[in-house]
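Only one structure is covered here, and it is reproduced in the block below.
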């Protein structure tokens, strides 16, 4: 699975660079988990569905108070 993800990300990065002049379009890592039952699926689905509602409370939100995650370092 990780080699598939790596290939996909490489292809998208190449195309984004070529067509959009964009770089660094991916987050640093991803969470990989095999969903094994209906309850896990519901929990993940709920997280994905409700996570955008919490964006303004996230430490990486642009208007968040300065913290170790949203400061530019030289």
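Taken together, the values in this text are just the output of simple stated rules run on the coordinates, not laboratory data. Owing to the predicted nature of the structure, the values given are computational and were not obtained by experimental measurement. Note that we place each Cβ from the backbone using ideal geometry, even for glycine, and neighbour counts take in every protein chain shown.
A few remarks follow.
- Percentage of interatomic Cα-Cα distances in the chain larger than 16 Å: 70 percent
- Placing a label point 7 Å from the Cα of residue 12 along the Cα-to-Cβ direction, the residues of the stretch 33-52 with a backbone N closer than 16 Å are 33.
- Only Cα pairs under 8 Å and 6+ residues apart enter the sum, and on that basis the relative contact order of the chain stands at 11 percent.
- Here the label points at residue 30 and residue 47, each 7 Å from Cα along the C-beta direction, are separated by 1.5 nm in the simple model.
- Over the stretch 34-74: Kirkwood hydrodynamic radius from C-alpha pairwise inverse distances, Å: 12.4 Å
- In the chain, the DSSP-assigned H stretches of four residues or longer account for a calculated mean residue ellipticity at 222 nm of -14500 deg cm²/dmol, using -39500 (n - 2.57) per stretch and the full residue count as denominator.
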